[in-house]
Amino acid sequence: MLHRWQAGVAAAIVTALVLALVLLELLDAGVRRFWSDHSLTADTVAGLLVVAITVLVVDQVVRQRQVRDQGRATGAHAAIMLTQAKRAVEATLAVRDRDGDRVAAGDAVRTYLLVLLVGAPVLMEDRVARRFLEQAQVLAAELGRILSPADVGVLPARAFAGGLDEAIENLRSAAAPLLAALSAEERSAVTDGSGQAG
């Protein structure tokens, strides 16, 4: 399959060739005579040019559709991850503030990690989606740091300079361009019903 720019250049070249042949036939009696005397050649060239234009145009249409559909799938994954991140953050904050259930928070974080693991292959293809994935991993590390036992000793007191607040804010801002591909109905279908993910 051709890259998008290659297919566009090829379509432009074939279209220019067709226009040049049509103009030559209209303006030059010698060219008109040649095509008239060589009807099989004329039919073959015309057929090949029509097939080339058709294939290139269909390729562009299919490619645009795939990009749009992939954008919606990526946006849906981002919305689902944001919703689960919100649940995990709320449960973790409750534990940090000493009035939450550590087991429930651990379950929420594990569910978030599973959603992250499932969504990772979809999010690795695109640069913007990859940035969102990186921010999701930073948030997961910060959640793990907060919920880890005090005697772990491997992680510093603050694994990341901004802590949990900055991690969730960075995740939200990284998700914004991905969520833009979804309609309001699609966003509410994959979020917690409030219409806002995270």
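Listing for the model above:
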read-out	value
Test: ASP126 is surrounded by fewer than 16 Cβ atoms within 10 Å (Cβ to Cβ) and of a type outside the set (Lys, Arg)	no
THR44, sole failed condition from (1) touching a helix residue (DSSP H, G or I) at 6+ places or on another chain (Cβ under 8 Å); (2) at pLDDT 80 or above	(1)
Residues of region 80-119 that turn out to be in contact with a Gly (Cβ under 6 Å, 6 or more places away or on another chain) and farther than 14 Å from ILE146 by Cβ, as a count	3
Any pair with Cβ under 7 angstrom, 6 or more apart, that starts in region 5-22 at a residue that is in the same structural domain as VAL58 (by TED's automatic domain parsing) and ends at one that is in a helix (DSSP H, G or I) and modelled with pLDDT of 85 or more	VAL14/LEU49; VAL14/ALA52; LEU17/LEU49; VAL18/LEU49
Options GLY119, GLY100: the member that is at pLDDT below 90 and either aromatic (Phe, Trp, Tyr) or surrounded by fewer than 22 Cβ atoms within 10 Å (Cβ to Cβ) (or both)	GLY100
Single residue of region 157-187 satisfying the filter (part of a loop (DSSP other than H, G, I, E, B) and closer than 18 Å to ARG127 by Cβ) that is modelled with the lowest pLDDT	ALA181
Among (1) exposed (fewer than 14 other Cβ atoms within 10 Å of the Cβ); (2) under 26 Å from the mean Cα position of the chain (by Cα), the one test that ALA12 misses	(2)
Selected residue (only one of ALA79, ALA52 is hydrophobic (A, V, I, L, M, F, W, C), touching a helix residue (DSSP H, G or I) at 6+ places or on another chain (Cβ under 7 Å) and under 30 Å from VAL122 (Cβ atoms))	ALA79
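The values are calculated or read from the model by the stated rules, or taken from the named source; none is laboratory data. Fair warning: this is a prediction, and the values are worked out from it, not measured in the lab. For neighbour counting, all protein chains shown are included, and Cβ atoms are generated from backbone atoms with ideal geometry for every residue, glycine included.
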